[in-house]
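Visitor: Take this structure, written in structure tokens, and hold onto it; I'll ask about it next.
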Amino acid sequence: IYHIALYTFHPHLTPSEVTTSTASMLTLKDRCLHPVTGKPYILDMIAGPNMRPEVGYADGYTHALVMVFANEEDWRYYTTEDPVHTESMQTNKDWVGGRVADIRG
């Protein structure tokens, strides 16, 4: 399962805050632990600024994030129950706006 987020940081943030927030998001791969095994369960993750310079392609979104999950159960746990993910969402809610899509690979 691929979890894809397109987002933009609110304009009141400094470049340092944007860097800190992005770095924090990237730590989710190691900090989100499976509820049974206690081990990280996000298989892969990338995040960073949008590289597409043409106006109109990104619809205003400046950054993207892609996560890979082994199965629907892990993905569902991440999106609905994982306390580390929930905390991250709360921490970033005033800094980031965006959209999410999830697809099977």
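Rule-based calculations on the coordinates, nothing more; no lab input. Small disclaimer: the values here were computed from a predicted structure and weren't measured.
Visitor: What 222 nm value per residue comes from the helices of the chain, counting each DSSP H run with n ≥ 4 as -39,500 (n - 2.57) and dividing by all residues, nearest 500 deg cm²/dmol? It would help to have the intermediate numbers written out before the result.
Guide: Working: 4 runs with 35 residues, N = 105.
So the calculated ellipticity at 222 nm is -9500 deg cm²/dmol.
Visitor: Given an 8 Å cut-off on Cα distances and at least 6 residues of separation, report the relative contact order of the chain as a percent.
Guide: Details: 151 pairs, mean separation 49.5, N = 105.
It rounds to 47 percent for the chain.
Visitor: While we're on this one: Roughly how compact is the chain, stated as its Cα Rg over 2.2 N^0.38 Å to two decimals? Intermediate results must be reported in sequence, preceding the final value.
Guide: Numbers: Rg = 14.0 Å, N = 105, 2.2 N^0.38 = 12.9 Å.
Its radius of gyration relative to the 2.2 N^0.38 Å reference: 1.09.
Visitor: A follow-up question, please. Dividing the alpha-carbon Rg of region 48-105 by 2.2 N^0.38 Å yields what? Can you show the working numbers first?
Guide: Working: Rg = 13.7 Å, N = 58, 2.2 N^0.38 = 10.3 Å.
This ratio for region 48-105 stands at 1.33.
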